[in-house]
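*Asks:* Before I ask anything, here is the structure I am working with.
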Amino acid sequence: MPYEIATLINKLFMASICRYMAPEYATSGKLTDRSDVFSFGVVLLELVTGRKPVDESRPLGDESLVEWVRNYTLFFISFEVIHKHLRDCLEESVKTTYDTSISCF
C-alpha cells in the first residue's frame, strides 16, 4: 500500500475515534479500562439522544455530546437530552440506558 494511502487511512481512522476518546487518553496517549468505559458511555448517549458525539454545526458549547448532556443534567434525567421519539415511551430500558451512559463519565 502506498504511503499516502496508508497515511490517509490512518487520519480517517483517528478522526473517527477521536469522537469517542476519553479526555485522559487525549492528554496521556494511554488506553485504560476507564477510557473504554468513557467511549461506551458516548455510544449509549448517541443511542438515547440521537446526536453525534461531536457536531460542529451546533452552537458554541453544544458541539460535544458529553458536555451538552452535562450542561442539562446533574444526577437526574432531563427530557431535554432524550431523543424526541423516545420521550413518549420513556420505558425502564431507556432510563437504564441513560443512567448507564451517565455513570460512564
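All of the numbers you see were taken from the coordinates with simple rules; none came from a lab. Keep in mind that what you see is a predicted model, and the values were worked out from it rather than measured. Reconstructed Cβ throughout: ideal geometry from the backbone, glycine too, with neighbour counts over all protein chains shown.
*Asks:* Give me the number: length gained by fully extending V54 to T96, i.e. 0.36 nm times residue separation minus the C-alpha to C-alpha distance, one decimal in nm.
*Replies:* Using 0.36 nm per residue and subtracting the Cα-Cα distance, I get 12.8 nm.
*Asks:* Can you work out the FRET efficiency for the pair Y72 and E24, with r the C-beta to C-beta distance and R0 = 22 Å, to the nearest 0.05?
*Replies:* Numbers: r = 23 Å, r/R0 = 1.06.
Given R0 = 22 Å and the Cβ-Cβ separation, E is 0.40.
*Asks:* Still on this structure: Starting from the Cα of R34, step 7 Å along the direction of its Cβ; do the same at R87; then give the gap between the two resulting points in nm.
*Replies:* 3.5 nm
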